[in-house]
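Engineer: Take a look at the following structure, please.
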Amino acid sequence: MNKKPYFFIGILFMVFHHGVILSQITKDTTALAAVTIVASPTAATLQNTAASIMVINRKELDKSDGTILTSVLNKVPGLYMQQGALNTVKISIRGIGSRSQYGTQKIKAYFEGIPLTTAEGESTIEDIDLENIGSIEIIKGPNSSSFGSGLGGVIHLFAREIPVEELQGKSSTTYGSFGLLKQSFSVNYGKSSTMGSVNYSHLESDGFRQNSSYDRKSLTLQAKQKINTKGELSFIGMYTQLKAYIPSSINEDDFNNNPEKAASNWAQSQGYESYNKWIMGVGYRQQLSSKWTLKTSVFSNIKKAYEPRPFNILDDESNSIGFRSSLNYKNTIGSVPFETSLGTEMAFDDYSFSLFENLYASQPNQGSIAGAKFSKKQQKSSYQNYFLQMDFSLSPKLHLETGLAFNTTRYSLRDLFAEAVPIPDLAYTFGKIWSPRAGLSYSFTKTKTIYASISKGFSTPSVAETLTPEGQINTNLKPEIGWNYELGLKAHGLNNKLYTELTFFSTQTTNLLVARRTAEDQYIGINAGASSHTGVEFLLDYQILQTSQYQLSTYFTAAVNHFTFKDFVDGVNDYSGNQLTAVPDAQWNVGVDLSTTNGFKLHTAFSKVGAMPLNDLNSKYTQAYSLLDLKTSYTFTLLKSLKTELSTGINNALNAHYAASILPNAVGFGQAKPRYYYPGNPRNYYGGISLSYLFK
């Protein structure tokens, strides 16, 4: 029997118990900071919410190099973000989504309330520039009825707050290894009733590997206008232009001996992806009375893309429009205060694509060359979520949360290639899915809360997974369903210097969706059984010392996982009892932060990631690895109004050789070896300067 998980659990229990005892010795003189959960449809604080929620503020984002969220999100216990390249990202939460081939699936994502998840379930957050993000809220597991009960959870990105009564301009530049250059320019204007901001950013890199250069430009506009004392209108718009080459995954020999190498077929074809993307949203909030509040928003996503791959060239375009609205009501039943939120979210996607032959092999050293078109299709997807959430304050210490979500998802596919011969649309719906949730939290002191919750989530197959090799929709395919059980403790002590969280969870999924690979660019989706996701997560933040001259603090996060296939039979292969693919059995992070009153800051972050299976058979594993990141900065003021910040840092200071991402269940075709590995960057450096001017 593997005793390692139980050893870690025992250690975490002792740490948490020790923290509680210390906080009791100092007496509960100060209440836990009331961190408000912005994404919640009802008024909620971090302490009283019966769910595991991580709130990341702007200060945490500033501790990274500012290029991508990987180092920030991987500090979250239970979340694992794999980064094959700046444009190749896969996120899993508690093992959900780990077996996705390339992108992030089974997790919902939003930016300022605008879905970054398509109607068929794929999320893209990596092209949201970090300069535009003010905070992040992560809900683990299907604990959010109002956002469709995503099986893995929900990631909410929020824009920076616009300073009130200020006119401010800011410019920043960062240089780094492998040709890294990032520049951003922004202007913020805030008055009591009118606020607005504009931000332009440019990120480029040659990349550590061959065929991995990256160039992204983005422009973001944000505005808020108070209509009256009770109403507010908001707008956010973002334009992104990207061209990013793709080195793809490599086999074990190249990973160990030539990690900078690109996959040979991607290098020869000079494969890349490029797109222009627009995200827009308009929101309206109205306080109808002391008891009623209305929130409504409409949003749209437009994307025009072109992607030459070795096996074909994809020319595609997508358009999405959606609507979200909620009506809140506050009152009391007898002496019990409650708040209810009734709402809906719906979106409609129209995706069309054409496939062309890639003639790169016939004309060497020319890169990809478009040949004859051999496919043209139009895909339409839609979903409708309806939700009801009711929260009750049964007593000053006891809080009850209840929720119910209802979802319908529909797909249709039209073949436009043989237009002369009418072909009927292929259409399919996954029926009606109900997702209940209940949670109970009890604050046995002002600073210590215990909670328990049970919830149901789901994940619908993508259109690609529903298609058979003959191009027909597999109507026997079912959504993946999961029940989540959670028990947690949250405590603050030592006069608010110490904060700890301890969470136990178990997610049991059925109708496990499996992508069976049939060719280099083709997969078939099947329901192949069930999986079990159980584990423990721990978080500790501690302010070690604070004086009039400096502040010293530390953090520690950890996750110990026991993720297995309960009942998994794929053809003649029985994987039941095996460890879940592409997710580590343990992760932990520790760091120390130092800041002084004269403007100097030092951030250190050390992370450890355990080994993970490369395939469902568990015949091959990655090596566990450790990363050390360091960053220093110095902030000072020139000419009374010009705030200046100089920064420098090292990523992977120990120069670890590791797989930053893997392609699960990779298959070698012909004589080729399976290409499992995306090598992580070796030791790399960066430095930058930021200038911020406050107009008076």
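No value in this document is a laboratory result; all are computed from the given coordinates. Note that the coordinates shown come from a computational prediction; the quantities given were computed from them, not determined experimentally. Cβ sites come from the backbone with ideal geometry, for glycine too, and all protein chains shown count toward neighbours.
Engineer: Largest first and in whole Å, what are the equivalent-ellipsoid semi-axes of the chain based on the Cα gyration tensor, each being the root of 5 times an eigenvalue?
Structural biologist: Over the Cα atoms of the chain, the ellipsoid semi-axes are 37, 31, 29 Å.
Engineer: May I ask for the equivalent-ellipsoid semi-axes of the range 604-696, computed as the square root of five times each C-alpha gyration tensor eigenvalue and listed largest first in whole Å?
Structural biologist: Working from the Cα gyration tensor, I get semi-axes of 44, 14, 11 Å.
Engineer: Further question on the same structure: How high is the relative contact order of the range 585-655, in percent, with contacts defined as C-alpha pairs under 8 Å that are six or more residues apart?
Structural biologist: Averaging sequence separation for qualifying contacts and normalising by length gives 26 percent for the range 585-655.
Engineer: Between Gly141 and residues 5 or more places away or on another chain, which pairs have amide H atoms under 5 Å apart, with H built 1.01 Å from N, and which residues are they?
Structural biologist: Gly153, Val154
Engineer: Mind checking which aspartates and glutamates have their Cα closer than 18 Å to the Cα of Lys75? Skip sequence neighbours fewer than 8 apart in that chain.
Structural biologist: Within the straight-line limit of under 18 Å, Lys75 reaches these aspartates and glutamates: Glu60, Asp62, Asp65, Glu126, Glu137, Glu501, Glu537, Asp541, Asp585, Asp593, Asp629.
Engineer: Tabulate in residue order the Karplus-calculated ³J(HN,Hα) for the range 319-335, using 6.51 cos²θ - 1.76 cosθ + 1.60 with θ = phi - 60°, rounded to whole Hz; enter x for Gly and Pro.
Structural biologist: 9, 9, 9, x, 8, 9, 8, 9, 10, 9, 9, 10, 6, 10, 10, x, 10
Engineer: Per residue of the range 229-238, in order, report the coupling 6.51 cos²θ - 1.76 cosθ + 1.60 (Karplus, θ = phi - 60°) as ³J(HN,Hα) in whole Hz, putting x for Gly and Pro.
Structural biologist: These are the phi-based 3J(HN,Hα) values: 5, 10, x, 9, 10, 9, 9, 9, x, 9 Hz.
Engineer: If N is the number of residues in the range 595-645, what value comes out of its Cα radius of gyration divided by 2.2 N^0.38 Å?
Structural biologist: 2.12
Engineer: When N counts the residues of the range 205-310, how does its alpha-carbon radius of gyration compare numerically with 2.2 N^0.38 Å, as a ratio?
Structural biologist: Ratio of Cα Rg to 2.2 N^0.38 Å: 1.72.
Engineer: If you add up the charges near Phe178, with Lys and Arg at +1 and Asp and Glu at -1, over every other residue whose beta carbon is less than 14 angstrom from its beta carbon, what do you get?
Structural biologist: Local net charge: -2.
Engineer: Report the relative contact order of the range 66-185, percent, no decimals, based on alpha-carbon pairs under 8 angstrom and at least 6 residues apart.
Structural biologist: Once normalised by length, the contact order is 20 percent.
Engineer: So which GluC sites (Glu not before Pro) in the range 437-505 pass both tests, a DSSP loop state and at most 14 other Cβ atoms within 10 Å of the Cβ?
Structural biologist: Qualifying residues, ordered by number: Glu470.
Engineer: Send over the per residue convex hull volume for the range 115-205, Cα only, as a whole number of Å³.
Structural biologist: 139
Engineer: Hey, another quick one. With only alpha-carbon atoms counted, please give the Rg and Dmax of the range 65-175, in Å.
Structural biologist: For the range 65-175, the Cα radius of gyration and maximum Cα-Cα distance read 14.9, 48 Å.
Engineer: Mind pulling up the Rg/Rh value for the range 540-696? Radius of gyration and Kirkwood radius, both on Cα.
Structural biologist: Ratio value, two decimals: 1.16.
Engineer: Could you calculate the FRET efficiency of Thr596 with Thr429 from 1/(1 + (r/R0)^6), where r is the beta carbon distance between them and R0 is 56 Å, rounded to 0.05?
Structural biologist: Using R0 = 56 Å, I get an efficiency of 0.40.
Engineer: Please order Asp349, Asp206, Asp253 by the number of other Cβ within 10 Å, starting at the fewest.
Structural biologist: Listed from fewest to most nearby Cβ atoms, that is Asp253, Asp206, Asp349.
Engineer: Another question about this same structure. Mind checking which lysines have their Cα closer than 19 Å to the Cα of Lys456? Skip sequence neighbours fewer than 8 apart in that chain.
Structural biologist: Lys106, Lys108, Lys140, Lys432, Lys478, Lys566
Engineer: Over the chain, calculate the relative contact order: mean separation of alpha carbon pairs under 8 Å at least 6 apart, over the residue count, as a percent.
Structural biologist: 12
Engineer: Okay, which of the range 444-458 sit inside 20 Å, backbone N to the point 7 Å along the Cα-Cβ direction of Lys397?
Structural biologist: Hits in the range 444-458 for Lys397 at 20 Å: 444-453.
Engineer: Quickly work out the Asn256-to-Gln551 label distance, labels modelled 7 Å from Cα along the C-beta direction, and quote it in nm with one decimal.
Structural biologist: 4.8
Engineer: Between the range 336-384 and the range 239-258, how far is it from one alpha carbon centroid to the other, in angstrom?
Structural biologist: After rounding, the separation between the Cα centres reads 22 Å.
Engineer: Hey, what number do you get for the chain at 222 nm if only DSSP H runs of n ≥ 4 count, each worth -39500 (n - 2.57), divided across all residues, to the nearest 500?
Structural biologist: -1500 deg cm²/dmol
Engineer: Given the convex hull of the Cα atoms of the range 347-466, what is a quarter of its surface area in nm²?
Structural biologist: For the range 347-466, the mean projected area of the Cα convex hull comes to 13.5 nm².
Engineer: Further question on the same structure: Scan the range 143-221 for GluC sites (Glu not before Pro) in coil per DSSP, keeping those whose Cβ has at most 14 other Cβ atoms within 10 Å, and list them by number.
Structural biologist: Loop-located and lightly packed - Glu161, Glu165.
Engineer: Total Lys pairs in the range 186-302 closer than 26 Å by alpha-carbon, pairs eight or more apart in sequence or interchain only?
Structural biologist: Lysine pair count for the range 186-302: 15.
Engineer: Let me ask you something else. From the phi angles alone, apply the Karplus equation (6.51, -1.76, 1.60; θ = phi - 60°) to the range 574-585 and give each ³J(HN,Hα) in whole Hz, x where the residue is Gly or Pro.
Structural biologist: The phi angles translate into 10, 9, 4, x, 6, 6, 4, 6, 6, 9, x, 7 Hz.
Engineer: Calculate the length of the line joining the C-alpha centroid of the range 289-315 to that of the range 28-96, in whole Å.
Structural biologist: 22
Engineer: Under the Kirkwood approximation applied to all pairs of distinct alpha-carbon atoms, what is the hydrodynamic radius of the range 402-461 in Å?
Structural biologist: Averaging 1/r across every pair of different Cα atoms and inverting gives 15.8 Å.
Engineer: How would Val572, Val583, Val35 line up from fewest to most surrounding beta-carbon atoms within 10 angstrom?
Structural biologist: With the sparsest Cβ surroundings first, the list reads Val572, Val35, Val583.
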